[in-house]
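The structure appears right after this line, and notes come after that.
The values are calculated or read from the model by the stated rules, or taken from the named source; none is laboratory data. Because the structure is predicted, anything quoted here is derived from the model rather than measured. Reconstructed Cβ throughout: ideal geometry from the backbone, glycine too, with neighbour counts over all protein chains shown. When the accessible area is computed, the model is the full protein with side chains, heavy atoms only, and any ligands, DNA or RNA have been set aside. Shrake-Rupley method; radii C 1.70, N 1.55, O 1.52, S 1.80 Å.
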Amino acid sequence: MVSVDAARAVAIGLLGVVVLLDLATLPLLYVAFFALGTAETLFDNAAISILPAVVPAEQLPRANGRLLSARMVANELVAPPLGGLLFATAAAVPFLLDAGTFAAAAALVAAIGGRFRVERPQDQATTLRAEIAEGVRWLLGHRLLRLLAAAIALMNLTLSATLSISVLYAQERLGLGSVGYGLLLATMAVGGIAAGTVAERLIGWLGPATTMRLGLVIESSTHLVLALARSPLLVGAVFALFGFHAMTWSVISVSLRQELAPARLLGRVNSAYALFGFGSLSLGAVAGGLLAARYGLTAPFWCSFAAMTALTIACWPVLTSRTVAEARAAARG
């Protein structure tokens, strides 16, 4: 994590210098942002994997909720307007300031005391490809986490399909302008932030299985309501509820992976899980555009409602308190 943040500080700092000298080109921006995206993948995976060694198991939902909500506040509420303000001041300022924040983050992570390297068997000669395959096999062989990986793939696919046409939806169906559309998206972030502060208590009250069952119902209902709604206030309320559900689901799924996966495989299991989650986003965006162009603006919502209803029915018998308890008992040995 320290190495990645140091590398990001150098990369974004050099980009800031290039922008300051008015030498930036689109190919250079593509390379820089590809590098930053790759680095973010490494950092985020390590951050998830290190957490069980930092806090006790019973504190994982609280820690994940606070980390995810803090990230949402920074990424979705604070950063966009701040970046625009800094860019208006001078184009290079956001990049140079970002370099400083990455350097500060590297220093903060370096200040965490302790040794977090996972012990691996010394007598096993292996390759990177074999290690990746081992993590994927473990994830696909675990009944509960396999189901959650498949679920997040379909959930993100349907979400991306609807968000891909959200600008047109807001303009043509809700009659919103650019400010209204921005406020509409902000309601989802507000819901997510609220969930991050109370997710631990909600999960403790209902249990992870029941909470995720309710989340599937909320997700299915969201697509149905959006297919029918024409009121911006109603859509804003639905977006806030969806954001609350999405954050709560993330807290549960991350906490379960941290609790159930062996320490030496946790990083690889998280990577394989992320491939399911993020890999479906681009497919969903393409599907949403094609459906809207061919069958009308609400077609992605109706198709997403049908897909999520089917997923809810398929997951219902597996997402039980007994399944979670058995998975936890097996992880404890």
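Considering only residues of segment 267-291 that are more than 18 Å from Trp249 (Cα to Cα) and in contact with a Ser or Thr (Cβ under 6 Å, 6 or more places away or on another chain), which is surrounded by the most Cβ atoms within 10 Å (Cβ to Cβ)? The residue in question is Gly288. Within the set Phe239, Phe301, Phe276, the sole residue that is assigned to a helix (DSSP H, G or I), aromatic (Phe, Trp, Tyr) and touching a Gly at 6+ places or on another chain (Cβ under 8 Å) turns out to be Phe239. Looking at Thr187, Thr158, just one residue is crowded, with 21+ Cβ neighbours inside 10 Å, among the polar types (S, T, N, Q) and part of a helix (DSSP H, G or I), and that residue is Thr158. Pairing each residue of segment 198-211 that is within 19 Å of Ala325 (Cβ to Cβ) and free of Cβ contacts under 8 Å to residues at least 12 places away in the same chain with any residue that is in a helix (DSSP H, G or I) and open to solvent by less than 50 Å² (accessible area, probe 1.4 Å), provided the two are 6+ apart or on different chains, yields C-beta distances under 9 Å for Trp205/Thr211. Residue check: Leu176 meets all listed conditions (1) among the hydrophobic types (A, V, I, L, M, F, W, C); (2) open to solvent by less than 60 Å² (accessible area, probe 1.4 Å); (3) in a helix (DSSP H, G or I) but one, namely (3). One residue alone among Ala63, Ala107 is assigned to a helix (DSSP H, G or I), surrounded by 15 or more Cβ atoms within 10 Å (Cβ to Cβ) and without any contact (Cβ under 8 Å) to a residue 40 or more places away in the chain, and that residue is Ala63.
Each row is one residue, and each column tells you yes or no for (1) under 18 Å from Ile152 (Cβ atoms); (2) at pLDDT 95 or above; (3) of a type in the set (S, T, N, Q).
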| site | (1), (2), (3) |
| --- | --- |
| Leu228 | no, yes, no |
| Ala237 | no, yes, no |
| Ser271 | yes, no, yes |
| Leu297 | no, no, no |
| Trp302 | no, yes, no |
| Met308 | yes, yes, no |
| Ala329 | no, no, no |
| Arg332 | no, no, no |
